[in-house]
Amino acid sequence: MPGKRPKVVESFAPMGGRVLGFIALAIGAVMVVDVVIEFRTWEGLKIAAITVAVGAVIWVGLIRPSVVAYERNLVLRNFLRDKVIPWHLVTGTRVSPALVVETGEEQHRSVAVIAGGPDRRAIRRAARGGRGLSGAGGQVDIDPGTHEMPSPNPKTPARPPAQHAAHRVETMAEKFRDKSTDQPAVEERWATIEITVFAVAVVVAILAILIG
(Lines give C-alpha, C1' and ligand atoms only; values in the text may rest on other atoms or scores of the structure.)
Protein backbone atom coordinates (compact mmCIF):
# COMPACT_ATOMS: atom_id res chain seq x y z
CA MET A 1 0.00 0.00 0.00
CA PRO A 2 1.60 3.33 -1.09
CA GLY A 3 2.53 5.63 1.76
CA LYS A 4 2.32 2.90 4.36
CA ARG A 5 4.71 3.47 7.24
CA PRO A 6 7.53 0.91 7.34
CA LYS A 7 7.17 -1.69 10.07
CA VAL A 8 9.88 -1.87 12.72
CA VAL A 9 11.28 -5.40 12.88
CA GLU A 10 13.56 -4.88 15.88
CA SER A 11 15.24 -2.01 17.69
CA PHE A 12 18.12 -1.56 20.11
CA ALA A 13 18.64 1.37 22.49
CA PRO A 14 20.01 1.94 26.03
CA MET A 15 16.90 1.78 28.23
CA GLY A 16 18.53 3.31 31.32
CA GLY A 17 19.41 6.54 29.57
CA ARG A 18 16.02 6.72 27.89
CA VAL A 19 14.13 6.42 31.16
CA LEU A 20 16.26 9.18 32.69
CA GLY A 21 15.71 11.31 29.58
CA PHE A 22 11.93 10.90 29.63
CA ILE A 23 11.83 11.84 33.33
CA ALA A 24 13.84 14.99 32.61
CA LEU A 25 11.58 15.88 29.67
CA ALA A 26 8.48 15.39 31.81
CA ILE A 27 9.88 17.79 34.43
CA GLY A 28 10.71 20.29 31.69
CA ALA A 29 7.21 20.03 30.23
CA VAL A 30 5.70 20.80 33.64
CA MET A 31 7.95 23.86 33.93
CA VAL A 32 6.92 25.14 30.49
CA VAL A 33 3.21 24.66 31.24
CA ASP A 34 3.63 26.47 34.56
CA VAL A 35 5.34 29.38 32.81
CA VAL A 36 2.59 29.58 30.17
CA ILE A 37 -0.14 29.65 32.84
CA GLU A 38 1.43 31.74 35.60
CA PHE A 39 4.42 33.67 34.28
CA ARG A 40 3.45 35.45 31.04
CA THR A 41 6.32 37.91 30.87
CA TRP A 42 9.51 38.26 28.85
CA GLU A 43 11.33 36.61 31.75
CA GLY A 44 8.88 33.74 31.61
CA LEU A 45 9.36 33.41 27.85
CA LYS A 46 13.13 33.29 28.37
CA ILE A 47 12.80 30.53 30.96
CA ALA A 48 10.42 28.54 28.73
CA ALA A 49 12.71 28.88 25.70
CA ILE A 50 15.79 27.81 27.66
CA THR A 51 13.85 24.84 29.03
CA VAL A 52 12.85 23.79 25.52
CA ALA A 53 16.46 24.12 24.30
CA VAL A 54 17.70 21.98 27.19
CA GLY A 55 14.93 19.48 26.46
CA ALA A 56 16.10 19.23 22.84
CA VAL A 57 19.63 18.49 24.04
CA ILE A 58 18.32 15.81 26.42
CA TRP A 59 16.30 14.28 23.57
CA VAL A 60 19.23 14.00 21.16
CA GLY A 61 21.62 12.88 23.89
CA LEU A 62 19.60 10.30 25.80
CA ILE A 63 16.50 9.33 23.84
CA ARG A 64 17.10 9.71 20.12
CA PRO A 65 20.11 7.37 19.64
CA SER A 66 18.96 3.90 18.59
CA VAL A 67 19.46 1.15 16.06
CA VAL A 68 16.21 0.39 14.22
CA ALA A 69 15.76 -2.49 11.80
CA TYR A 70 13.14 -2.39 9.07
CA GLU A 71 12.55 -5.01 6.38
CA ARG A 72 14.24 -2.85 3.74
CA ASN A 73 17.05 -1.22 5.69
CA LEU A 74 18.85 -0.61 8.97
CA VAL A 75 18.75 2.89 10.47
CA LEU A 76 21.51 4.03 12.83
CA ARG A 77 20.08 7.02 14.68
CA ASN A 78 22.88 8.99 16.27
CA PHE A 79 22.78 12.36 18.01
CA LEU A 80 22.19 14.59 14.99
CA ARG A 81 22.62 12.36 11.93
CA ASP A 82 21.13 9.11 10.71
CA LYS A 83 22.61 6.42 8.51
CA VAL A 84 20.11 4.44 6.43
CA ILE A 85 21.84 1.22 5.34
CA PRO A 86 20.21 -1.19 2.87
CA TRP A 87 20.57 -4.76 4.02
CA HIS A 88 22.30 -6.01 0.88
CA LEU A 89 25.26 -3.71 1.57
CA VAL A 90 25.92 -5.05 5.10
CA THR A 91 29.06 -7.21 5.06
CA GLY A 92 29.64 -7.59 8.80
CA THR A 93 29.45 -6.10 12.28
CA ARG A 94 31.72 -5.70 15.28
CA VAL A 95 31.75 -3.99 18.68
CA SER A 96 34.82 -1.83 19.35
CA PRO A 97 33.56 -0.41 21.70
CA ALA A 98 30.49 0.91 19.85
CA LEU A 99 28.51 -1.10 17.33
CA VAL A 100 30.12 -0.86 13.89
CA VAL A 101 28.20 -1.90 10.78
CA GLU A 102 30.52 -2.62 7.87
CA THR A 103 29.53 -2.07 4.24
CA GLY A 104 32.57 -3.17 2.30
CA GLU A 105 35.37 -0.71 3.08
CA GLU A 106 33.05 1.75 4.84
CA GLN A 107 32.24 1.59 8.55
CA HIS A 108 29.20 3.12 10.21
CA ARG A 109 29.10 3.56 13.99
CA SER A 110 26.15 3.73 16.36
CA VAL A 111 26.34 5.65 19.64
CA ALA A 112 23.28 3.75 20.89
CA VAL A 113 24.93 0.34 21.25
CA ILE A 114 28.09 0.46 23.37
CA ALA A 115 30.01 -2.44 24.90
CA GLY A 116 29.11 -2.68 28.58
CA GLY A 117 30.56 -4.77 31.39
CA PRO A 118 29.31 -8.15 30.10
CA ASP A 119 30.63 -7.39 26.61
CA ARG A 120 34.05 -6.37 27.87
CA ARG A 121 34.31 -9.49 30.05
CA ALA A 122 33.40 -11.69 27.07
CA ILE A 123 36.04 -9.98 24.93
CA ARG A 124 38.68 -10.45 27.66
CA ARG A 125 37.78 -14.14 27.97
CA ALA A 126 38.09 -14.54 24.21
CA ALA A 127 41.46 -12.76 24.24
CA ARG A 128 42.72 -15.18 26.92
CA GLY A 129 41.75 -18.08 24.67
CA GLY A 130 38.88 -19.29 26.82
CA ARG A 131 36.24 -21.68 25.56
CA GLY A 132 33.65 -19.73 23.67
CA LEU A 133 31.17 -19.56 20.83
CA SER A 134 32.12 -17.33 17.93
CA GLY A 135 29.59 -14.68 17.06
CA ALA A 136 29.31 -11.17 15.77
CA GLY A 137 31.35 -8.84 17.88
CA GLY A 138 33.35 -11.49 19.76
CA GLN A 139 32.82 -14.69 21.75
CA VAL A 140 30.66 -15.90 24.60
CA ASP A 141 31.13 -18.93 26.83
CA ILE A 142 29.15 -22.13 26.26
CA ASP A 143 28.28 -24.99 28.54
CA PRO A 144 30.87 -27.77 27.90
CA GLY A 145 28.33 -30.43 28.84
CA THR A 146 25.42 -29.43 26.65
CA HIS A 147 27.35 -27.33 24.14
CA GLU A 148 24.70 -24.64 24.53
CA MET A 149 24.95 -21.02 25.60
CA PRO A 150 23.84 -20.63 29.23
CA SER A 151 20.98 -18.25 30.00
CA PRO A 152 19.46 -18.30 33.50
CA ASN A 153 16.48 -16.34 32.16
CA PRO A 154 15.02 -17.61 28.85
CA LYS A 155 14.03 -14.04 27.95
CA THR A 156 17.61 -12.80 28.40
CA PRO A 157 19.92 -13.09 25.36
CA ALA A 158 22.84 -15.47 26.00
CA ARG A 159 25.26 -13.09 24.30
CA PRO A 160 26.18 -9.84 26.07
CA PRO A 161 23.87 -6.96 24.98
CA ALA A 162 26.11 -5.23 22.44
CA GLN A 163 27.27 -8.50 20.89
CA HIS A 164 23.65 -9.67 20.78
CA ALA A 165 22.71 -6.54 18.81
CA ALA A 166 25.61 -7.10 16.40
CA HIS A 167 24.60 -10.73 15.91
CA ARG A 168 20.96 -9.78 15.26
CA VAL A 169 22.00 -7.19 12.68
CA GLU A 170 23.98 -9.82 10.77
CA THR A 171 21.11 -12.29 11.01
CA MET A 172 18.59 -9.77 9.66
CA ALA A 173 21.00 -8.72 6.90
CA GLU A 174 20.96 -12.30 5.62
CA LYS A 175 17.19 -12.60 6.00
CA PHE A 176 16.20 -9.32 4.33
CA ARG A 177 19.06 -8.94 1.84
CA ASP A 178 16.83 -9.39 -1.23
CA LYS A 179 14.29 -6.77 -0.06
CA SER A 180 16.64 -3.77 -0.17
CA THR A 181 18.16 -3.89 -3.64
CA ASP A 182 16.18 -0.82 -4.75
CA GLN A 183 18.35 1.35 -2.46
CA PRO A 184 21.79 1.41 -4.12
CA ALA A 185 23.79 3.21 -1.43
CA VAL A 186 23.90 4.24 2.22
CA GLU A 187 21.88 7.40 2.81
CA GLU A 188 22.64 10.08 5.40
CA ARG A 189 20.17 12.56 6.83
CA TRP A 190 20.22 15.25 9.48
CA ALA A 191 17.91 15.36 12.50
CA THR A 192 16.22 18.44 11.09
CA ILE A 193 13.33 18.55 13.57
CA GLU A 194 15.58 18.43 16.63
CA ILE A 195 18.01 20.97 15.17
CA THR A 196 15.16 23.32 14.26
CA VAL A 197 13.55 23.10 17.71
CA PHE A 198 16.86 23.83 19.43
CA ALA A 199 17.72 26.72 17.11
CA VAL A 200 14.28 28.36 17.44
CA ALA A 201 14.35 27.99 21.23
CA VAL A 202 17.80 29.62 21.43
CA VAL A 203 16.72 32.51 19.17
CA VAL A 204 13.56 33.07 21.24
CA ALA A 205 15.58 33.02 24.46
CA ILE A 206 18.05 35.58 23.07
CA LEU A 207 15.23 37.87 21.89
CA ALA A 208 13.49 37.61 25.27
CA ILE A 209 16.72 38.57 27.03
CA LEU A 210 17.32 41.55 24.72
CA ILE A 211 13.74 42.82 24.78
CA GLY A 212 13.03 42.10 28.43
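Need one word for the stretch 1-46: rounded, prolate or oblate. Basis is the Cα gyration tensor (sqrt eigenvalues a ≥ b ≥ c); a/c below 1.5 gives rounded, then a/b vs b/c decides. Cα axes put the stretch 1-46 in the oblate bin.
I want the local charge near I63. Using Cβ-Cβ distances under 13 Å, sum +1 for each Lys or Arg and -1 for each Asp or Glu among the other residues.
Details: positive: R18, R64, R77; negative: E194.
Once all neighbours under 13 Å are counted, the net charge is +2.
Sorted on the mean count of surrounding Cβ atoms within 10 Å across their residues, most packed first, peptides 202-212, 159-169 read 159-169, 202-212.
Where only protein heavy atoms count, and the probe is 1.4 Å, what is the accessible area per residue for the stretch 3-49 in Å²? Kindly include the intermediate steps, with their values, before the conclusion.
Details: 3510 Å² over 47 residues.
Here the per-residue accessible area is 75 Å².
Between E43 and L80, the modelled labels are 3.3 nm apart [label points 7 Å from Cα along Cα→Cβ]. Accessible area ranking (1.4 Å probe, heavy atoms, ligands and nucleic acids excluded), largest first, for S11, S180, S96: S11, S96, S180.
The values are calculated or read from the model by the stated rules, or taken from the named source; none is laboratory data. Since this is a predicted model, take the numbers as computed values, not measurements. Note that we place each Cβ from the backbone using ideal geometry, even for glycine, and neighbour counts take in every protein chain shown. Ligands, DNA and RNA are stripped out before the accessible areas are found, and what is left, the full protein with its side chains, is counted by its heavy atoms. Shrake-Rupley method; radii C 1.70, N 1.55, O 1.52, S 1.80 Å.
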